[in-house]
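Structure, as structure tokens:
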Amino acid sequence: MKVWTKIATLGLALALSACVSSEPASRGVSDDALTLASRGTGAIPQGAGPRVLAPLYTVREVRVDVPRDLRVSEANSYYPMADIVWRGDPVGDRYAQITDIFQTAAARATAPMQGPREAVVSIQLVRFHGVTERTRYTVGGVHDMVYDLTVLDAATGAVIDGPRRIEADVRAAGGQAAIDEEMAGRTQKVVVTERLVDSLRRELSGNVTDPALVARAMQSPVEPVLVSR
């Protein structure tokens with residue numbers, strides 16, 4: 001019986017190990033990694049080495065538009081039917097609050113970028129559906145954020161990229177986990193802002209393949225991010 005138990009345990013361990021991906025992490029791109037990537041002397045052909053995310057632009061201006069015709073709901077139901085649902089700020093002008101969130105996220109995302117082309121970034125909100133009090137303190141859910149992104153040449157105003165629709169969802173904790181996050185200072189605003197920073201950095205960056213560049217980035221005190229997309 002003991003022999004069979006050991007064999008079963010070993011089989012389970014092997015099965016679990018097979019589920020662990022060897023793919024490198026692709027979240028939380030560091031400022032240092034982005035800056036180093038932008039200083040490369042040129043990429044070599046695709047497939048010749050590992051890749052890092054490099055900024056495509058030096059962003060001179062960010063324009064955020066939260067249209068006033070988007071429908072706001074303050075209903076405390078599990079899933080209000082509206083374009084904007086937000087409880088991470090006191091009751092007030094939700095359009096202005098979400099504009100501030102995007103402006104803060106965009107400033108953080110683009111500040112370290114040193115790309116080869118100067119650009120203006122335009123963001124238009126499509127949907128910002130957070131969780132209500134009832135949802136947050138029971139089952140939890142998802143912060144559902146959708147926006148249209150357009151990149152313009154800073155000198156001419158010509159469209160470089162877009163408009164493209166971007167979905168930036170992030171898990172919203174529920175119940176005791178939500179309470180614990182709040183007590184630790186990880187508010188809903190912190191969570192959604194971090195997600196938007198990550199989303200914008202990725203959408204305004206591209207892959208660079210350069211072993212020398214990656215080696216330099218690896219020496220940074222902040223871990224760079226290798227990508228495979």
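The values are calculated or read from the model by the stated rules, or taken from the named source; none is laboratory data. Here the structure is a predicted model, which is why all the values come from computation and not from measurement. Reconstructed Cβ throughout: ideal geometry from the backbone, glycine too, with neighbour counts over all protein chains shown.
Would you confirm, using the coordinates I've provided, whether M145 is in the same structural domain as D180 (by TED's automatic domain parsing), free of Cβ contacts under 8 Å to residues at least 60 places away in the same chain and in a loop (DSSP other than H, G, I, E, B)? Spelling it out, it is not the case that M145 is in the same structural domain as D180 (by TED's automatic domain parsing), free of Cβ contacts under 8 Å to residues at least 60 places away in the same chain and in a loop (DSSP other than H, G, I, E, B). Within the stretch 158-213, the set of residues being aliphatic (A, V, I, L, M), surrounded by fewer than 19 Cβ atoms within 10 Å (Cβ to Cβ) and outside the structural domain of D89 (by TED's automatic domain parsing) comprises just one member, A212.
With respect to A119, is the statement that it is outside any strand (DSSP E or B), surrounded by 22 or more Cβ atoms within 10 Å (Cβ to Cβ), at pLDDT 95 or above and not charged (D, E, K, R) true?
It is false that A119 is outside any strand (DSSP E or B), surrounded by 22 or more Cβ atoms within 10 Å (Cβ to Cβ), at pLDDT 95 or above and not charged (D, E, K, R).
Restricting attention to the stretch 160-205, the residues that are of a type in the set (S, T, Y), modelled with pLDDT of 95 or more and not in a helix (DSSP H, G or I) total 1. In the stretch 84-100, the condition of being among the β-branched types (V, I, T), outside any loop (DSSP other than H, G, I, E, B), farther than 13 Å from V131 by Cα and touching a residue at least 12 places away in the same chain (Cβ under 8 Å) is met by at least one residue. When residues in the stretch 54-75 are screened for being more than 13 Å from H129 (Cα to Cα) and over 20 Å from the mean Cα position of the chain (by Cα), 4 of them pass.
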